[in-house]
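One structure is given here, and the rest of the page talks about it.
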Amino acid sequence: MNLNFPPLAEPVARLMEEFHKLPGIGPKSAARLTYFLLRMPESQAKALAEAILAVKEKIILCSICQNLTDADPCSLCHGETRDPSIICVVEEPLDILALERTRGYKGHYHVLHGVISPMDGIGPDDLKIKELLARLQGGTVQEVILATNPNLEGEATAMYLQRLIAPLGIRVTRLARGLPVGGDLEYTDEVTLTRALEGRQEL
Amino acid sequence: MTRPRVYKTEAIVLKGMDLGEADKILTLYTPYLGKLSAVARGVRRPKSKLGGHLDLLTHSQLLLAQGKSLDVITQAQTLDSFLPLRQNLWLTGCALYAAELIDRFTAERVENPALYRLLLNALNWLIQTLDANLTLRYFELHLLELLGYRPQLQQCPLCQTQLKPTTNFFSPAHGGVLCPSCGTLEAEARPISLNTLKVMRYLQGNDYGIASKLRLDGGLAKELETTMGGYIRFHLEHEVKSVAFLNDLRRQEAKAHPFGPLSPGLRQ
Ligand SMILES: [Zn+2]
Ligand SMILES: [Zn+2]
């Protein structure tokens with residue numbers, strides 16, 4: 001890769017290239033981050049480098065919910081504080097953070113690590129679906145909440161899971177889909193509006 | 001074609017890729033600009049005015065502004081979201097397969113309004129269809145024709161004799177059906193039954209309204225799919241990825257409902 005900078009010292013060029021590989025980082029941002037690091041005190045740079053190594057070395061997938069963790073089972077699966085009869089299925093670990101911020105959910109989670117995306121060659125076998133089905137054996141789980149994103153691939157993944165889970169006699173629910181808070185009817189697409197109408201509630 | 005700084009087009013969203021925190025790069029198929037990539041800013045935020053109008057397989061009216069590298073979508077209004085299609089997993093898979101074929105077979109900025117029309121029609125046909133497999137085969141044959149790969153089904157492309165009502169040989173490399181004497185000499189040619197040849201001619205020569213009335217039994221549907229699949233792979237030079245998902249759904253369906261299909265054409 002050529003970043004079109006005047007000849008750079010090799011370590012500087014190398015760091016820029018590494019930044020450039022990150023999502024959302026173009027050549028300009030890569031250069032800005034590199035020069036920022038160059039001016040940073042050495043102790044701080046070391047702390048950053050160690051933090052990067054630590055996530056690679058210490059973070060594993062929880063053997064139960066597949067969330068990222070440094071202890072197996074993770075803190076959400078471990079202990080008696082959460083309701084084991086409900087599992088909320090999400091696409092990515094970050095979705096758990098969003099749901100936890102609501103403080104309204106006390107059940108367990110399961111992370112799929114992606115969605116079914118046929119055109120990219122990502123099928124059910126590439127997601128943590130087998131691991132989910134294994135958790136549904138044994139009769140503890142009464143309800144599975146499908147919290148995949150409300151777009152075509154998220155819906156397809158939810159439909160796929162629904163077909164697998166429903167025959168087990170477990171209740172399958174989907175997060176309600178409707179108008180976003182602060183949204184404007186005029187700009188709302190028909191899929192969202194249709195589902196908001198379907199999910200209307202008594203006042 | 002030079003584009004004005006701001007321009008309008010209708011489009012079908014073929015593909016999306018996350019970019020940065022909340023943006024997406026979309027692959028759009030349009031009638032007069034062909035395939036193009038464009039940035040949709042902020043679409044992954046729930047409050048985005050664009051988001052719902054730019055989901056995969058949505059037919060939308062768009063306003064775009066020329067950008068430094070990629071053009072940017074500034075407004076979007078859904079024309080059709082094909083809701084019944086997205087509420088059926090099998091039909092969603094079929095529609096994604098059609099979109100993948102368009103994406104793989106087309107180059108950026110090459111217009112083909114008839115092909116655009118075919119894709120739009122196919123999405124509507126899939127909503128109505130009684131046999132999604134037949135609809136996909138019709139789509140494939142006419143897609144290949146609009147791209148200049150119309151398979152020759154009347155005369156042997158090697159010796160030019162009229163094909164006889166018997167088992168002949170389909171040859172992707174020669175672009176059609178070979179007579180038995182030519183076909184047996186070509187290692188890559190595969191036998192094609194008379195019924196499959198007749199169905200291909202019928203799909204090739206008729207409007208969808210007529211062609212869709214055909215009813216194929218399982219064996220015939222399978223042979224037709226294999227034949228068309230081989231021809232498509234030959235021209236693409238690799239697999240169509242979404243086929244694996246369709247086969248996965250078929251296997252699952254066969255296990256769950258051994259006595260009959262729940263969705264049009266899901267079982268063969
Ligand atoms: Zn866990
Ligand atoms: Zn011949």
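A few comments on the model shown:
- Options A:Leu76, A:Leu8: the member that is part of a loop (DSSP other than H, G, I, E, B) and open to solvent by less than 40 Å² (accessible area, probe 1.4 Å): A:Leu76
- Inspection of segment A:81-94 identifies at least one residue that is of a type outside the set (Ser, Thr, Tyr), assigned to a helix (DSSP H, G or I) and either within 12 Å of ligand 1 (Cβ to nearest atom) or at pLDDT 95 or above (or both).
- Qualifying residue in segment B:26-44 (condition: within 9 Å of another protein chain (Cβ to nearest Cβ) and modelled with pLDDT under 95): yes
- Sole residue being out of contact with any Cys (no Cβ under 9 Å at 6 or more places or on another chain) and open to solvent by less than 20 Å² (accessible area, probe 1.4 Å), chosen from B:Leu63, B:Leu70, B:Leu79, B:Leu28: B:Leu28
- Residue selected from segment B:213-243 under the condition within 14 Å of another protein chain (Cβ to nearest Cβ) and exposed (fewer than 15 other Cβ atoms within 10 Å of the Cβ), by the criterion nearest to B:Leu91 (Cα to Cα): B:Glu239
- Residue list for segment A:145-163, restricted to those being farther than 20 Å from B:Gln252 by Cα and within 10 Å of chain B (Cβ to nearest Cβ): A:Asn149, A:Pro150, A:Asn151, A:Leu152
- Checklist (1) out of contact with any Ser or Thr (no Cβ under 6 Å at 6 or more places or on another chain); (2) assigned by TED's automatic domain parsing to the domain that holds A:Tyr109 applied to A:Arg195, failing item: (2)
- Restricting the search to strands (runs of 3 or more DSSP E) fully inside segment B:151-203 and requiring at least 2 residues that are away from every other protein chain (no Cβ under 14 Å), near ligand 2 (Cβ under 10 Å from one of its atoms) and among the hydrophobic types (A, V, I, L, M, F, W, C) gives B:176-178.
- Among residues of segment A:105-123 that are touching a residue at least 40 places away in the same chain (Cβ under 8 Å) and in the same structural domain as A:Leu136 (by TED's automatic domain parsing), those with a beta-carbon under 7 Å from a residue that is away from ligand 1 (no atom under 15 Å from the Cβ) and open to solvent by 20 Å² or more (accessible area, probe 1.4 Å) at least six positions away or on a different chain give the pairs A:Val115/A:Glu153; A:Ile116/A:Ile122; A:Ile116/A:Glu153.
- Taking segment A:164-203 as the range and being facing chain B (nearest Cβ under 9 Å), crowded, with 17+ Cβ neighbours inside 10 Å and part of a loop (DSSP other than H, G, I, E, B) as the test, the residues that pass are A:Gly183, A:Thr188, A:Asp189.
The values are calculated or read from the model by the stated rules, or taken from the named source; none is laboratory data. As the structure is a prediction and not an experimental result, all values here were calculated from the model. Quick reminder, even Gly has a Cβ in these numbers, built from the backbone with ideal geometry, and neighbours come from all protein chains shown. Ligands, DNA and RNA are excluded from the accessible area calculation, which covers all protein heavy atoms including side chains. Shrake-Rupley method; radii C 1.70, N 1.55, O 1.52, S 1.80 Å.
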